[in-house]
Amino acid sequence: MSTSRSLISTSLVFLAFGSTSASTVRAQYTPIPYSWDAAFTNDEVAIIRAAMDKVHSLFRDPRVARITRGRYKYASVSNGNWRASGLKYQRGMAVGDYLFHQLAALRSVRFPHVRIKAYHSTGNDWGRANTDRVQLRFSRGRATVSGGFEIELNRYWLGSRGQGSDTNQWAGVIAHEMLHNLGHLHPVRGKVDDEIYRQHQINVFDAAVSANGGGIDGTACHVCGSAEGIDSGSSPAPGLRVAQEFQPVRVFANRNHGHTLRLPAGTYEVLPSGTWSYSRNTRWVGADGDPYKSNTGGTSYPSARFGELLLISDGVWSKYERGRTLYVRRSLTLLMNDRPREYGDNVGYLDVVLRRLERR
Ligand SMILES: [Zn+2]
């Protein structure tokens, strides 16, 4: 069984760029055991099988777990599942970290059986599932699993024209329902095009699976529109190519001076992932900061959001903007935006990958 994962290696100073094709780095996993109801037709089963082929790898691909960790705005889990996991009581652990650790554990334990049941409804729902059917428990650095997945797919949509016949969409739906089994929640009345619904962790994961991992196959992720942090097959801004990619830098939220790097002069792309919090008792956010907390001044960078990633390049301050490049002459400081005296109670960190770009 090949488990080579060159992309998550942290022992390299930088990753060479070149002709590595995306498919050669896809990790292999033992197939997820699953079964389906006799009620499904052969055509429907064909879609389920094709979707499960994607779920096999994407559900356990560390890169999908990583983008999901860095991209959501809200995370919600059933309290019972979260409590029983034991992680709730571990220091520095937040609800938003739960999925990441569950997915990591599911790469190592015997994967529970997935039972796929049929139902029929003319509503907008493509699938449904109960929460808390699968429980992971973490103790002394080891994970164990109990229970089994049981999800339901709506035959009204399965195989229908357009998206209903798109196996990528169904892979996302199956992954979404499996996350419900693992205790993950979203607003009940949410619609797919509702911003808050979409930015819940469970739906970010769903969308990342639907998008084939968002970038793993060279396609842009339809969650964030970028292929960042996933693989070397993604392409930077038009006319530029990646000359050098640096090992991720861990930027801790509680450092009021941030993290300073000396870099070769050049144009850089900044690719943050992960979540952090600008106070012990507030929500976890990504590099974009907290859109729901107004900043009335007094932070290190007044016009940036609380929790936003700041970039100080040779003394010039700016805030992180997805997809924007930045010129660095000699040094770059990465720092969370918070009030200067209030860094002490911050928790979490971002892992930031820097890519030096060159003209083609
Ligand atoms: Zn749902």
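Structure data summary
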quantity	calculated
Residue in segment 284-296 that is within 21 Å of residue 201 (Cβ to Cβ), of a type outside the set (S, T, N, Q) and in contact with a helix residue (DSSP H, G or I) (Cβ under 6 Å, 6 or more places away or on another chain) present	yes
Among residues of segment 302-354, those that are touching a Leu at 6+ places or on another chain (Cβ under 7 Å), among the basic types (Lys, Arg) and surrounded by 19 or more Cβ atoms within 10 Å (Cβ to Cβ), counted	0
Residues that are part of a loop (DSSP other than H, G, I, E, B) and surrounded by fewer than 17 Cβ atoms within 10 Å (Cβ to Cβ), drawn from segment 133-158	140, 141, 148, 156
Subset of segment 167-200 that is at pLDDT 90 or above and either β-branched (Val, Ile, Thr) or over 20 Å from residue 35 (Cα atoms) (or both) - its residue that is farthest from the ligand (Cβ to nearest atom)	167
Matching entry among 265, 287 (being more than 28 Å from residue 346 (Cα to Cα) and modelled with pLDDT of 85 or more)	265
First in segment 104-129 and assigned to a strand (DSSP E or B), second anywhere and polar (S, T, N, Q) and within 16 Å of the ligand (Cβ to nearest atom), Cβ under 7 Å, 6 or more apart	119/154; 127/154; 129/181
Qualifying residue in segment 48-65 (condition: outside any helix (DSSP H, G or I), more than 14 Å from residue 206 (Cβ to Cβ), within 20 Å of the chain's Cα centre (by Cα) and of a type in the set (Lys, Arg))	yes
Every residue from segment 201-213 that is within 14 Å of the ligand (Cβ to nearest atom) and within 11 Å of the chain's Cα centre (by Cα)	201, 202, 203, 204, 205, 206, 207, 209
Scope segment 160-188; condition part of a loop (DSSP other than H, G, I, E, B) and either over 24 Å from residue 134 (Cβ atoms) or β-branched (Val, Ile, Thr) (or both); matching residues	160, 161, 166, 188
Condition check for residue 297: more than 27 Å from residue 95 (Cβ to Cβ), in the same structural domain as residue 329 (by TED's automatic domain parsing) and without any contact (Cβ under 8 Å) to a residue 24 or more places away in the chain	yes
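The values are calculated or read from the model by the stated rules, or taken from the named source; none is laboratory data. What you are looking at is a predicted structure, and each value in this text was computed from that prediction instead of being measured. All Cβ positions, even for glycine, are placed from backbone atoms using ideal geometry, and neighbour counts span all protein chains on display.
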